[in-house]
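Structure, as C-alpha cells:
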Amino acid sequence: MKRTGILLTMLGACFLATGCSEDGPAEEAGEKIDQAMEDTGEAIDEAADDIGDAVDDAADDLEDAADDLVDD
C-alpha cells in the first residue's frame with residue numbers, strides 16, 4: 001500500500017504542478033489512471049486481508065486438530 005500511496009502522491013503533485021485550469025484529454029486520462037490505480041490498490045488490500053483471514057482460520061483448525069490428537 002505504501003508504494004501505491006507514494007505513486008498516487010507523485011502523480012497528484014505532477015498534475016498540480018501543471019496548473020491547468022481546464023481538464024484536457026491528457027489530464028482526464030491521468031485522472032482515470034489514478035482512479036484505476038486506487039481501485040486496484042484497494043482490491044489488493046482487500047485480497048490480502050482475505051488471505052490473512054483464511055490463513056488464521058486454517059491455523060486455528062490445525063491447532064484444534066492437534067489438540068484432538070493429544071487428547072486421544
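We did not get these values from a lab; they are worked out from the coordinates using the rules stated. If you're wondering where the values come from, they're calculated on a predicted model, not measured in any experiment.
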* Specify the angular offset, from 0 to 90 degrees and rounded to the nearest 10, of the alpha carbon long axis of helix 25-71 from the longest principal axis of the alpha carbons in the chain. => 10
* Structure fact -> Per the rule of 0.36 nm per residue minus the C-alpha distance, extending Asp61 to Ile44 adds in nm 3.6 nm
* **Cα Rg over Rh - the chain, Kirkwood** => 1.42
* Asked: By how many degrees, between 0 and 90 and to the nearest 10, does the Cα long axis of helix 2-18 differ from the longest principal axis of the chain?
  -> 10
